[in-house]
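The block underneath contains the structure these notes are about, expressed in structure tokens.
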Amino acid sequence: MISRGSFSHPWIGLSGININSEIAVAIGLNQPTGFLVLDTVAGSPAQKAGLHGGYKVTNIGGRQIALGGDVIDIAIYIESTKSVGV
């Protein structure tokens, strides 16, 4: 960081939300686990991997959430497949 003035960090290129019990019920999950993909950045690693965001906007707990996106375990994915520069 001293020599370049910045540092590289891994990114996946998506936005989403941790699944809570209300979202789990809305999408038919038995347990509130995982991460619901709401949108992906064009040309990002997430989009290249085939991840998709939601398309059906629903009010859950007073918040508009686009359901229908992929559900992933983001922590396991990042820890097992990503590193700086990859």
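Amide H contacts of Ile60: Ile65, each under 5 Å away and 5 or more positions distant or on a separate chain (H built 1.01 Å from N in the peptide plane; Pro and chain starts excluded). Estimated from helical segments only, the mean residue ellipticity of the chain at 222 nm is -5000 deg cm²/dmol, where each DSSP H run of four or more residues counts as -39500 (n - 2.57). Modelled spin-label separation between Arg63 and Phe7, with each label point placed 7 Å from Cα along the Cα-to-Cβ direction: 2.8 nm. Were the residues from Ile76 through Asn30 laid out at 0.36 nm apart, the gain over their Cα-Cα distance would be 14.6 nm.
Any read-out appearing in this document is the output of simple, stated calculations on the displayed coordinates, not a laboratory observation. Remember, predicted model here, so these are calculated numbers, not experimental data. Positions of Cβ are backbone-derived with ideal geometry, glycine not excepted, and every protein chain shown enters the neighbour counts.
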